[in-house]
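To keep things clear, I will list the structure first and then write my remarks on it.
Read-outs throughout are calculated quantities, based only on the coordinates presented, and are distinct from any laboratory measurement. No experiment lies behind these values; they were computed from the predicted model shown. Neighbour counts run over all protein chains shown; Cβ positions are idealised from the backbone, glycine included.
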Ligand SMILES: C[S@@+](CC[C@H](N)C(=O)[O-])C[C@H]1O[C@@H](n2cnc3c(N)ncnc32)[C@H](O)[C@@H]1O
């Protein structure tokens with residue numbers, strides 16, 4: 001991969017430590033599971049806000065066929081891409097700035113896919129190292145906000161996508177959906193906002209109702225009765241598709 005800037009080196013160091021710590025304990029995984037309840041895809045073990053709703057959005061909006069290539073950019077330990085590649089009989093390429101994450105992702109491959117169906121490599125959002133038109137679809141979950149240059153990252157995604165194909169991304173920050181419009185345009189892409197899906201906990205900023213309640217079993221069960229967990233679309237959009 002190309003040489004990393006000082007900022008990227010810092011980011012790499014940070015995420016190496018992050019992934020090493022996550023691998024050393026199941027504490028964060030248990031907290032995610034408690035917070036998300038039955039929306040939590042245990043097997044994916046994401047280091048992100050990925051839930052079954054997001055996986056469903058990806059399946060329906062990527063429209064991929066068996067044998068096509070999915071790229072998971074900022075893949076972390078690979079669960080999102082591995083889950084999708086198994087579900088849809090795809091080939092997978094995962095890219096992440098953290099060599100620690102890439103090593104962990106490669107070790108998880110046999111639990112999901114036969115040998116030869118997935119490759120993982122160190123790279124950045126702005127320089128994936130993948131050839132042009134490599135992917136029929138891209139996913140990027142909770143990683144885009146770490147791009148050192150968002151427009152350059154979107155241009156890179158545009159470059160590695162087959163023409164007319166889509167990237168599905170999620171950033172949990174408020175207003176990120178709005179910001180994508182202009183940035184996507186600068187990268188010769190268009191962006192559309194997906195279904196609302198608020199981060200766990202707190203109140204819905206649209207209607208003020210609780211989103212997901214604190215971590216206890218009773219609340220988790222009842223969480224499906226809160227407005228956001230019913231997916232009524234009252235919260236700010238945090239999932240988007242960027243089409244090349
Ligand atoms: C919050 S984690 C999400 C990981 C994964 N997408 C998931 O859902 O489990 C963010 C990931 O983005 C990676 N990352 C952060 N900045 C990056 C960059 N500039 N280029 C590539 N990967 C980056 C981190 O190493 C980390 O694995």
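A few notes on this one:
- Qualifying residue in the stretch 56-66 (condition: within 14 Å of the ligand (Cβ to nearest atom) and touching a residue at least 12 places away in the same chain (Cβ under 8 Å)): yes
- Boolean, residue 105 is touching a strand residue (DSSP E or B) at 6+ places or on another chain (Cβ under 7 Å), within 14 Å of the ligand (Cβ to nearest atom) and assigned to a helix (DSSP H, G or I): yes
- Residues within the stretch 137-164 that are in contact with a helix residue (DSSP H, G or I) (Cβ under 8 Å, 6 or more places away or on another chain), away from the ligand (no atom under 11 Å from the Cβ) and closer than 14 Å to residue 93 by Cβ, tallied: 2
- Output for the stretch 46-78, where each listed residue is part of a loop (DSSP other than H, G, I, E, B) and more than 26 Å from residue 150 (Cα to Cα): 65, 66, 67, 68
- Among the conditions (1) outside any loop (DSSP other than H, G, I, E, B); (2) crowded, with 21+ Cβ neighbours inside 10 Å, residue 121 misses just one, which is (2).
- Across the stretch 115-136, the qualifying residues are those that are in contact with a strand residue (DSSP E or B) (Cβ under 9 Å, 6 or more places away or on another chain) and more than 18 Å from residue 70 (Cβ to Cβ), and the one among them that is nearest to the ligand (Cβ to nearest atom) is 124.
- Test for residue 112: is it within 15 Å of the ligand (Cβ to nearest atom) and more than 15 Å from the chain's Cα centre (by Cα): yes
- When each of 51, 72 is tested for being within 10 Å of the ligand (Cβ to nearest atom), surrounded by 16 or more Cβ atoms within 10 Å (Cβ to Cβ) and within 30 Å of residue 158 (Cβ to Cβ), the lone residue that passes is 72.
- Of all residues in the stretch 114-136, those being farther than 21 Å from residue 2 by Cβ and in contact with a helix residue (DSSP H, G or I) (Cβ under 6 Å, 6 or more places away or on another chain) number 1.
- Residues located in the stretch 1-45, provided they are outside any helix (DSSP H, G or I) and free of Cβ contacts under 8 Å to residues at least 40 places away in the same chain: 3, 25, 26, 40, 45
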